[in-house]
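Everything below concerns the one structure shown next.
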Amino acid sequence: MKKMIGAVFASLLLATPAWAAPSSVTLSVTNMTCVTCPVTVRMALGKVDGVSKAAVDFEKKEAVVTFDDAKTTVAALIKATTDAGYPSSVKRGQKR
Ligand SMILES: [Cu+2]
């Protein structure tokens, strides 16, 4: 019985790896020419699996994205905005 509980705990640990902490990155987004562009960019980022939050600023031409780095990568985020017609690059990234 004790052994079984141990196995359950081990599988729980595997299901939620320690490195699955939310990360955030600020992307510098190009091509945003009007106020509805950020909406398109935000929707494109929101479709990426693992993204929990995306805030796009038209004035600053940047997107602040919070994502689960076990599910997606910064490269996938950049691809998402680029595929939507707005190529982006990393302005600053940080892990929390
Ligand atoms: Cu626009």
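Here is a list of conditions, (1) touching a residue at least 12 places away in the same chain (Cβ under 8 Å); (2) in a loop (DSSP other than H, G, I, E, B), and Ser89 meets all of them except one; can you say which number that is?
(2)
Can you tell me which residue in region 39-56 is most open to solvent (accessible area, probe 1.4 Å), limited to those that are over 15 Å from Val29 (Cβ atoms) and basic (Lys, Arg)?
In this case the residue turns out to be Lys47.
Test Ala15 against the stated conditions and say whether it is at pLDDT below 95, open to solvent by 60 Å² or more (accessible area, probe 1.4 Å) and more than 16 Å from the ligand (Cβ to nearest atom).
Values: at pLDDT below 95: yes; open to solvent by 60 Å² or more (accessible area, probe 1.4 Å): yes; more than 16 Å from the ligand (Cβ to nearest atom): yes.
Taking the combined requirement at face value, the residue satisfies it.
Could you check region 57-68 and list, in sequence order, the residues that are open to solvent by 30 Å² or more (accessible area, probe 1.4 Å) and either more than 8 Å from Val25 (Cα to Cα) or hydroxyl-bearing (Ser, Thr, Tyr) (or both)? Quick ask: steps written out before the conclusion?
Here is the first cut: in region 57-68, the residues open to solvent by 30 Å² or more (accessible area, probe 1.4 Å) are 57-61, 64, 68.
Asp57, Phe58, Glu59, Lys60, Lys61, Asp68 - these are the residues of region 57-68 that are open to solvent by 30 Å² or more (accessible area, probe 1.4 Å) and either more than 8 Å from Val25 (Cα to Cα) or hydroxyl-bearing (Ser, Thr, Tyr) (or both).
Does region 18-35 hold any residues that are at pLDDT 60 or above and surrounded by 10 or more Cβ atoms within 10 Å (Cβ to Cβ), and which are they? Talk me through it step by step, then tell me what you get.
The initial filter retains those residues of region 18-35 that are at pLDDT 60 or above, namely 21-35.
Ala21, Pro22, Ser23, Ser24, Val25, Thr26, Leu27, Ser28, Val29, Thr30, Asn31, Met32 - these are the residues of region 18-35 that are at pLDDT 60 or above and surrounded by 10 or more Cβ atoms within 10 Å (Cβ to Cβ).
Identify, please: which residue in region 30-56 is within 8 Å of the ligand (Cβ to nearest atom) and part of a loop (DSSP other than H, G, I, E, B) and is, among those, nearest to Lys91 (Cα to Cα)?
Only one residue fits best here, namely Met32.
Name the residues in region 80-96 that are modelled with pLDDT under 95 and open to solvent by 60 Å² or more (accessible area, probe 1.4 Å), would you? Write out each step before concluding.
The initial filter retains those residues of region 80-96 that are modelled with pLDDT under 95, namely 91-96.
Scanning region 80-96 gives Lys91, Arg92, Gln94, Lys95, Arg96.
The values are calculated or read from the model by the stated rules, or taken from the named source; none is laboratory data. Computed from a predicted structure; not experimentally measured. We place every Cβ from the backbone using ideal geometry, glycine too, and count neighbours over all the protein chains shown. When the accessible area is computed, the model is the full protein with side chains, heavy atoms only, and any ligands, DNA or RNA have been set aside. Shrake-Rupley method; radii C 1.70, N 1.55, O 1.52, S 1.80 Å.
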